[in-house]
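J.: This structure is in structure tokens; I'll ask about it shortly.
The values are calculated or read from the model by the stated rules, or taken from the named source; none is laboratory data. Computed from a predicted structure; not experimentally measured. Because the Cβ atoms are built from the backbone with ideal geometry, glycine has one as well, and the counts that use them run over all protein chains shown. Just the protein is used for accessible areas: all its heavy atoms, side chains included, with ligands, DNA and RNA removed. Shrake-Rupley method; radii C 1.70, N 1.55, O 1.52, S 1.80 Å.
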Amino acid sequence: MAQQYYQKEIETMSAEEMRKLQSEKLVKQVKHVYDNVPYYRNLMDEKGVRPEDIHGIEDLHKLPFLSKADLRDAYPYGLLAKPLEDCVRIQSTSGTTGRRVVAFYTQKDIDLWEDCCARAIMAAGGTKADVCQVAYGYGLFTGGPGLNGGSHRVGCLTLPMSSGNTERQIQFMMDLKASILCCTPSYAAYIGETLKEQGYGPDDIPLKAGIFGAEPWTEEMRRGIEETLGIKAYDIYGLTETSGPGVAFECSEQTGMHINEDHFYAEIIDPETGEVLPEGSKGELVFTSLDKEAFPLLRYRTRDICVLSRKKCSCGRTLVKMAKPMGRTDDMLIIRGVNVFPSQIETVLLNEGYQPNYQIVVDRVKNTDTFEVNVEMPPEKFTDKVSDILTMEKSLANALKAMLGINPAVHLVAPKTIARSEGKAVRVVDKRKLV
Ligand code: DLL
């Protein structure tokens with residue numbers, strides 16, 4: 001396949017030129033943040049570092065880290081670096097108010113983000129002749145809006161489907177001859193299975209490529225999707241905090257994702273000590289947004305475990321590559337594309353009058369995540385009347401849905417039947433083999 005680039009000059013820039021560009025941007029960005037974000041200014045002051053100490057990327061390690069806890073402390077406006085009147089959009093993660101990340105964008109931030117997604121679409125072979133079906137969720141989640149914007153920039157005919165309603169997805173895909181599908185890998189697999197059940201083989205399906213991300217997926221899953229849909233499946237990575245999808249994207253080589261490092265500088269650190277590790281080491285991925293205006297995070301700890309590589313890539317891009325994330329340093333689960341923390345479940349249980357004796361069981365059946373929460377009935381609520389149990393389960397499921405945004409299957413079990421642990425409680429049983 002002839003290589004297509006959205007911004008060739010940047011995507012194939014020499015390492016020296018890239019470092020120069022990053023350094024120039026970093027110096028400006030640190031000043032912008034120091035002048036406009038008192039929260040981060042305090043962190044810098046505490047560490048005794050001033051904007052004048054940062055002359056380029058070589059000084060990045062002097063800056064303090066930002067973590068999800070900082071985002072929580074500063075919610076909602078504490079990390080905003082532009083007046084609200086200059087902001088045009090928010091996007092957000094799922095979760096409670098406390099856990100929710102609200103990211104702000106100026107128009108320039110949106111432009112930059114959409115450029116990143118356009119690079120991903122063109123790396124997957126997309127051109128203005130393509131019909132791009134965007135089946136990521138639209139709304140607060142960044143998946144739909146991000147890929148939608150990227151698709152427009154490439155000039156594809158964009159089908160803004162959002163997720164769900166699989167029958168309709170298939171109808172539009174077939175009738176309008178969608179050639180690129182953007183959604184989570186588990187939804188792609190589900191769409192593939194449904195097409196197969198309806199009698200469509202890979203040659204009957206108009207798709208040529210898929211851009212799948214937002215959750216971990218394996219090489220086996222990739223092969224399965226590629227075979228069923230008759231496509232090449234590309235990985236895409238991102239997080240709400242840094243803008244959304246398109247922080248990194250795969251090219252035809254399919255050996256890791258190129259990081260859009262002219263916008264997001266990546267470091268790998270030892271999660272225990274914070275020490276910056278050399279290329280090729282496994283550790284926590286940390287991003288510095290080099291030119292975002294409204295919500296510029298410096299040295300943001302993603303909690304994703306990853307490895308970076310600067311090996312030459314056959315696609316011609318010189319952008320550093322990240323491996324598929326290999327897990328997380330926290331207990332966040334991604335279930336059906338939604339970020340779920342066990343502590344959120346615990347909060348609901350306590351609010352609803354239950355003890356925190358519970359276990360979360362996650363599995364993947366027919367490429368769709370299943371999500372069960374087994375909870376002990378407290379002795380004072382104990383009943384063996386089936387209708388009462390069903391009512392209690394339903395009410396707890398509703399409370400969990402309200403908190404998490406996805407529906408668990410709740411099973412109430414008799415008091416003292418969930419195994420007690422002598423060490424760390426095993427709260428999560430994840431049967432999906434994702435890495
Ligand atoms: O998932 C943004 C996104 C949308 C990425 C569409 C790709 C496509 P959040 O909901 O904030 O944002 O979740 C971010 O999801 O820290 C990773 O743990 C995980 N993640 C995202 N992409 C991948 C991927 C979006 N390709 C969190 N592989 C991140 C594995 C991924 N994990």
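J.: Filter the range 222-237 down to residues that are open to solvent by 30 Å² or more (accessible area, probe 1.4 Å) and either in contact with a Pro (Cβ under 9 Å, 6 or more places away or on another chain) or modelled with pLDDT of 95 or more (or both), then give me how many there are.
T.: 5
J.: Also: Output the residue which, of all residues in the range 283-304 that are open to solvent by 30 Å² or more (accessible area, probe 1.4 Å) and within 15 Å of the ligand (Cβ to nearest atom), is farthest from TYR105 (Cα to Cα).
T.: The extreme case among them is ARG303.
J.: Being outside any strand (DSSP E or B) and surrounded by 18 or more Cβ atoms within 10 Å (Cβ to Cβ) is the requirement here; does GLY126 meet it?
T.: For GLY126, the condition - outside any strand (DSSP E or B) and surrounded by 18 or more Cβ atoms within 10 Å (Cβ to Cβ) - is met.
J.: For the range 157-171: of the residues being open to solvent by 80 Å² or more (accessible area, probe 1.4 Å) and more than 16 Å from the ligand (Cβ to nearest atom), which is nearest to the chain's Cα centre (by Cα)?
T.: Result: ASN165.
J.: Name the residue that is surrounded by the most Cβ atoms within 10 Å (Cβ to Cβ), counting only residues in the range 256-282 that are not β-branched (Val, Ile, Thr) and not in a loop (DSSP other than H, G, I, E, B).
T.: Within the range 256-282, the match that is surrounded by the most Cβ atoms within 10 Å (Cβ to Cβ) is MET257.
J.: Go through the range 181-194 and give me each residue that's away from the ligand (no atom under 14 Å from the Cβ) and either surrounded by fewer than 23 Cβ atoms within 10 Å (Cβ to Cβ) or under 11 Å from GLN133 (Cβ atoms) (or both).
T.: Result: TYR190, ILE191, GLU193, THR194.
J.: Among the candidates ASP70, ASP53, ASP59, single out the residue that is of a type in the set (Asp, Glu), open to solvent by less than 70 Å² (accessible area, probe 1.4 Å) and under 30 Å from PRO342 (Cα atoms).
T.: ASP70
J.: If we scan the range 353-367, do we find a residue that is of a type in the set (Val, Ile, Thr), over 27 Å from CYS183 (Cα atoms) and part of a strand (DSSP E or B)?
T.: Scanning the range 353-367 turns up no residue that is of a type in the set (Val, Ile, Thr), over 27 Å from CYS183 (Cα atoms) and part of a strand (DSSP E or B).
J.: For a quick check of your reading of the model, give me the residue pairs whose first member lies in the range 407-435 and is surrounded by 12 or more Cβ atoms within 10 Å (Cβ to Cβ), whose second is at pLDDT below 75, with beta-carbon atoms closer than 8 Å and at least 6 apart or on different chains.
T.: If the second residue must be at pLDDT below 75, no pairs are left.
For (1) more than 21 Å from PRO245 (Cα to Cα); (2) out of contact with any His (no Cβ under 7 Å at 6 or more places or on another chain); (3) at pLDDT below 95, each residue gets a yes or a no:
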position	(1), (2), (3)
ASP270	yes, yes, no
PRO278	yes, yes, no
ARG299	no, yes, no
LYS321	no, no, no
ILE334	no, yes, yes
SER343	yes, yes, yes
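J.: Given the options GLU253, GLU215, name the one that is surrounded by fewer than 24 Cβ atoms within 10 Å (Cβ to Cβ), under 20 Å from the mean Cα position of the chain (by Cα) and part of a loop (DSSP other than H, G, I, E, B).
T.: Every option except GLU215 fails the conditions.
J.: Mind checking which residues of the range 356-370 are surrounded by 15 or more Cβ atoms within 10 Å (Cβ to Cβ) and either closer than 30 Å to GLU272 by Cα or away from the ligand (no atom under 16 Å from the Cβ) (or both)?
T.: Answer for the range 356-370, where residues must be surrounded by 15 or more Cβ atoms within 10 Å (Cβ to Cβ) and either closer than 30 Å to GLU272 by Cα or away from the ligand (no atom under 16 Å from the Cβ) (or both): PRO356, ASN357, TYR358, GLN359, ILE360, VAL361, VAL362, THR370.
J.: Oh, and also: When you go through (1) within 15 Å of GLN91 (Cα to Cα); (2) in contact with a helix residue (DSSP H, G or I) (Cβ under 7 Å, 6 or more places away or on another chain); (3) open to solvent by 10 Å² or more (accessible area, probe 1.4 Å); (4) within 11 Å of the ligand (Cβ to nearest atom) one by one for LEU147, which number turns out not to apply?
T.: Result: LEU147 fails condition (3) only.
J.: Taking MET326 as the residue in question, decide whether it is within 15 Å of the ligand (Cβ to nearest atom), exposed (fewer than 15 other Cβ atoms within 10 Å of the Cβ) and either farther than 23 Å from LEU66 by Cα or under 20 Å from the mean Cα position of the chain (by Cα) (or both).
T.: When the stated conditions are applied, MET326 passes them.
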